[in-house]
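Structure first, commentary second.
The values are calculated or read from the model by the stated rules, or taken from the named source; none is laboratory data. Everything numeric in this text was worked out from a predicted model, so none of it was measured. Backbone-built Cβ (ideal geometry, glycine too); neighbour counts: all protein chains shown. Accessible surface is based on the protein model in full, side chains and every heavy atom, while ligands, DNA and RNA are left aside. Shrake-Rupley method; radii C 1.70, N 1.55, O 1.52, S 1.80 Å.
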Amino acid sequence: MTFVLFGATGDLAKRKIFPALYNLFMDGKMPDSFSIVGVGRREWSDQTFQSHVEESVHTFSRRIINDASNMKTFLQAFRYSPLDVTKSDEYQSLLETVQQQEKNLSIPENRLFYLSVSPEFVDAITSNIKQSGLGTVKGWKRLIVEKPFGHDLTSARELNEKLSRTFEEEEMYRIDHYLGKPMVQNLESLVYTNPLLRAIWNKDHIVNVQITASEVVGVEERAGYYDRAGAIRDMVQNHMLQMVMMTAMQISKKGAEEVNDEKRKVMESLRPLQKEDVAANVIRGQYGPGEIKGEPVTAYENEPGVSPSSKNDTFIAARLWIDNDFWAGVPFYIRTGKRMQEKSTRIVVEFKNPLSAETAPNRLTIDISPSEGVSLQLNMKNPLNNQIEPVSIDFSANAKDVPEAYELLLFGALRGDPTFFAHWKEVELSWEWVQPILDAFEEDLVPLHLYRSGSMGPEASYQLLQEDGFKWLDHE
Ligand code: NAD
C-alpha cells in the first residue's frame, strides 16, 4: 500500500497523521510493506522529511518512544516529493516516486491519497491524480478528504461532483473526526449489544436527547476561516448532525452497510426547517467578554482578524425532530459553542418519568471527550434518611493508551471499512437541513444573542428547552 499525503508539511500532518501512522505501525496494523510519500510545496529532501516526521512523532504520539530500531524501520518508508499541487506537469515526478517505491518494495498498486490541504486545492489535486496516471492502478485506490466538505449545499454538491470524476463513492473516505472518537464509535455497540438499552431506545421510553459539544477556547488563530464559517458550518453541519445520526439510528445487525443505511434514514426523517421557522428552533449566539478560569477574556468581535461588526455565530443551540416510528415527538437538542464554561462533548438521554414530582428522571450520559465514559442515573433510597435520591452508576473508560481518533479513522481507510466516515448522502442531507439556517442567518431573520464568555451560552438556549418543559442537564 502506498499512502500519498498531500499537505505533508502542514500542521494536521504533524500533529495527527504522522503520530497516528506510527502508532498503527507499532500496533502491527500497517500492511507488511508500505510506502508513504509526502507532498508539499517546500523543497525538502527525503532526509529532512524523515527528521520532521520523527520529531512530530516524538512530540505528539500517545506512545512513549524508546525503540530506535522500530523508528528507523518506520522512517525508511517515507519519501518526499516537492510539488505545487496546482501545476499538472509536476505530477509526473510524484508518480515516478510512487512507482519507484512500489517496485523497490514489491508493493501492490494499492494507493491511498490523503488530502490534508486547503479545500480550494481538492478539485485540482483529484483531477491531476486522474490525468497523471496516479489514479490508474491494478489494485485499489482510495481518497481521504478532510473537512470542510463545501461551504453550503450548492458548493458541497459541486465538490462532490468534481471528486466523482476521479473516485467512486466507495473509494471516498470523508473524515469527520468526531466519528473517530472511541465513544462515538461505541454508540453503535452500546445500543446494539445491550438488549436492555435496545428495548428502550425509542419514543416510548425517552423524552428527549441532548447533545452538547462545548469548547473553552475562543476563535484562536482561525478567524480568517471561522468568521465566514461560524459554529453552524464548523460544528453543526458535520459533527453535531453525525452525533445525532449515531444516537438515533436503529440497527438490527452490525456492519458498515447497516450503519450507513440507518444514518441516512435518520437524516431523511429529520423534519426540514423552513427559513421562517429557524428563529423558533435555532438559537444563534456570539461570545461577549467574560472570564475563563478567573482570567478576563475579550469579546469575539474584538478578536484579531474578526470584523468588528461581525454577526458570526460562535454558539448554536437547536431543536430537531426525527419524524419516524422510533422518535416521533422526542426532541433532540443540540448545543455547541466556543468560550463556554467547560470543554466537554456529551450525549444525555433523558427517560420518561411517570412519577415526575417525586423522583428524578432516569438518564443515560455518554461522555465523549475529554473524559470517556457512560453513566446511568437511577433512584435509590438513602438508608440514613429514607429519602429517595438519584444515584449515578459510572463507568469511566479512561484507559491509558487508547487509540486516537485519527488512528481509528486511518485504520478504517486502510482496511477499506467505511463505517465511520461521512457518506455523500449523509453530507448532502446535512447540508439540505442546514441550508435554511444559513439563509435565515444571512437575511438576519434570527436574533444574535451575546453570551458571557465562561457561561454555557445565552439565556435563549435555556428558554428553548423550557418551552417543552425540559432543561439542559449540565454537569452538576
Ligand atoms: P496547513 O496550512 O498547516 O498545511 C497546508 C499544507 O498544504 C502544507 O503542507 C502546504 O505545503 C500545502 N500546500 C499549500 N499550498 C500548496 C500548493 N500550492 N502545492 C502543494 N502543497 C501546498 O493546514 P493544516 O492545518 O495542516 O490543515 C490542512 C487542511 O485540513 C485544512 O485546510 C483543513 O481543510 C483541514 N483540517 C485541518 C484541521 C486541523 O486540525 N489542522 C482540522 C480539520 C480539518
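Structure values in brief
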| item | result |
| --- | --- |
| Selection from segment 121-156 of residues that are within 20 Å of the chain's Cα centre (by Cα) and in a helix (DSSP H, G or I) | Val122, Leu153, Ser155, Ala156 |
| Qualifying residue in segment 54-62 (condition: within 15 Å of the ligand (Cβ to nearest atom) and in a strand (DSSP E or B)) | no |
| All positions within segment 402-418 that are in contact with a helix residue (DSSP H, G or I) (Cβ under 9 Å, 6 or more places away or on another chain) and open to solvent by 10 Å² or more (accessible area, probe 1.4 Å) | Val402, Pro403, Glu404, Ala405, Tyr406, Leu408, Phe411, Leu414, Gly416, Asp417, Pro418 |
| Among the residues listed as Glu102, Glu90, the single one being more than 29 Å from Arg222 (Cα to Cα), within 15 Å of the ligand (Cβ to nearest atom), assigned to a helix (DSSP H, G or I) and not hydrophobic (A, V, I, L, M, F, W, C) | Glu90 |
| Any pair with Cβ under 7 angstrom, 6 or more apart, that starts in segment 168-181 at a residue that is under 10 Å from Leu409 (Cα atoms) and touching a residue at least 12 places away in the same chain (Cβ under 8 Å) and ends at one that is within 12 Å of the ligand (Cβ to nearest atom) and open to solvent by 40 Å² or more (accessible area, probe 1.4 Å) | Ile175/Lys147; Asp176/Lys147 |
| Any hit, segment 35-49, residues being touching a helix residue (DSSP H, G or I) at 6+ places or on another chain (Cβ under 8 Å), part of a loop (DSSP other than H, G, I, E, B) and within 16 Å of the ligand (Cβ to nearest atom) | yes |
| Selected residue [in contact with a Ser or Thr (Cβ under 9 Å, 6 or more places away or on another chain), more than 16 Å from the ligand (Cβ to nearest atom) and outside any loop (DSSP other than H, G, I, E, B)] from Phe18, Phe25 | Phe25 |
| Selection from segment 72-86 of residues that are in a helix (DSSP H, G or I) and open to solvent by 10 Å² or more (accessible area, probe 1.4 Å) | Lys72, Thr73, Leu75, Gln76 |
